[in-house]
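> Here it is: the structure, laid out below.
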Amino acid sequence: MDLGILLAMTLIFIGSFVQSSIGFGLAIVTAPILFQISPSYVPAPITVVALFLSVINASHHRATISLKGLWMAFIGRVPGSVAGAFLLYWVDANQLSLWLGVLVILAVIVSLLPFRIQPTPNRMMIAGFFSGFFGTSSGIGGPPMALLLQHQEGNLIRANLSAFFVVSSLLSLIVQVPIGYMTLHHFYLSLPLLPASYLGYKVAMRYINRIPKKNIRLASLAICFVSGITAIVSALS
């Protein structure tokens with residue numbers, strides 16, 4: 001096992017810990033740096049890991065899942081995924097790195113916004129569209145949905161985001177296949193990452209009530225900012 005795979009597994013462990021703790025964050029934390037290790041890690045292997053982790057988290061929080069409020073987001077997610085696939089088809093590696101970096105920096109800014117946005121049906125559909133667009137093209141589909149749901153109770157956020165990510169990750173993988181971004185090569189790349197993701201989930205479940213969510217959120221945003229800047233600098237250099 002080479003150093004690149006070990007570093008990728010470490011990043012996935014950290015990202016899975018963050019997502020299992022606050023409901024999202026796997027791709028935001030990991031995608032820009034994983035792309036620097038190998039462009040093949042983005043977006044399909046991250047999406048495979050997101051699907052794996054979301055199934056586990058959704059199962060753990062299944063008693064608090066409320067699909068009623070997610071249907072409009074699912075509807076918006078379908079055309080968003082198709083639009084994201086078209087973007088992937090047209091951009092090259094440098095453009096994708098720049099796209100990743102800009103998306104992550106925007107996600108950090110959005111996460112720090114002080115105002116509250118109510119999750120109305122129309123807003124859920126719009127958030128679902130952009131989640132599909134961003135998620136399919138970069139693996140980073142969490143921020144639009146998290147922005148609308150961030151003021152709900154903690155377990156409800158984790159439950160509903162996990163349920164949404166199960167469906168959205170499947171949609172993204174399906175549309176990545178015909179454009180060549182989800183192949184057996186990408187699937188094999190994702191396999192060593194799954195145990196690291198599960199370990200991140202287990203550690204989060206053990207310490208979820210011991211570490212203040214605010215500290216986890218601020219630390220993850222700091223990591224996101226650094227990784228986003230790294231991706232932008234790499235694309236422009």
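The values are calculated or read from the model by the stated rules, or taken from the named source; none is laboratory data. Fair warning: this is a prediction, and the values are worked out from it, not measured in the lab. Here Cβ is always computed from backbone atoms with ideal geometry, including for glycine, and neighbour counts include all displayed protein chains. For accessibility, only protein heavy atoms count, side chains too; no ligands or nucleic acids. Shrake-Rupley method; radii C 1.70, N 1.55, O 1.52, S 1.80 Å.
> Give the residues of the range 138-153 that are touching a Ser or Thr at 6+ places or on another chain (Cβ under 9 Å), part of a helix (DSSP H, G or I) and in contact (Cβ under 8 Å) with a residue 40 or more places away in the chain, sorted by residue number.
Within the range 138-153, 142, 143, 145, 146 meet the criteria.
> Tell me yes or no: at least one residue of the range 103-111 is of a type in the set (S, T, N, Q) and under 22 Å from residue 218 (Cα atoms).
yes
> Is there a residue being among the β-branched types (Val, Ile, Thr) and without any contact (Cβ under 8 Å) to a residue 24 or more places away in the chain anywhere in the range 203-225?
No, that holds for no residue.
> May I ask you to list the residues in the range 39-74 that are over 25 Å from residue 99 (Cβ atoms), part of a helix (DSSP H, G or I) and open to solvent by 20 Å² or more (accessible area, probe 1.4 Å)?
55, 56, 59, 60, 62, 63, 64, 67, 68, 69, 71, 72
> Which residue out of 123, 77 is part of a helix (DSSP H, G or I) and over 18 Å from the mean Cα position of the chain (by Cα)?
Matching residue, one of 123, 77: 123.
> Turning to a different aspect of this structure: Between 5, 37, 14, which is closer than 19 Å to residue 141 by Cβ, at pLDDT 90 or above, out of contact with any strand residue (DSSP E or B) (no Cβ under 7 Å at 6 or more places or on another chain) and not small (Gly, Ala, Ser)?
After applying the criteria, what remains is 14.
> In a helix (DSSP H, G or I), charged (D, E, K, R) and surrounded by 15 or more Cβ atoms within 10 Å (Cβ to Cβ): is that true of residue 206 in this structure?
It is false that residue 206 is in a helix (DSSP H, G or I), charged (D, E, K, R) and surrounded by 15 or more Cβ atoms within 10 Å (Cβ to Cβ).
> For the range 146-185, give me the residue count where each residue is farther than 14 Å from residue 61 by Cα, out of contact with any Gly (no Cβ under 7 Å at 6 or more places or on another chain) and either acidic (Asp, Glu) or open to solvent by less than 20 Å² (accessible area, probe 1.4 Å) (or both).
4
> Would you please list the contacts, defined by Cβ atoms under 6 Å and residues six or more apart or on different chains, that run from a residue in the range 85-114 that is modelled with pLDDT under 90 to a residue that is of a type in the set (Gly, Ala, Ser) and not in a helix (DSSP H, G or I)?
If the second residue must be of a type in the set (Gly, Ala, Ser) and not in a helix (DSSP H, G or I), no pairs are left.
> Which residues, counting only those in the range 118-145, are buried (at least 19 other Cβ atoms within 10 Å of the Cβ) and of a type in the set (S, T, N, Q)?
Once the filter is applied, which keeps residues that are buried (at least 19 other Cβ atoms within 10 Å of the Cβ) and of a type in the set (S, T, N, Q), the range 118-145 yields 131, 136, 137, 138.
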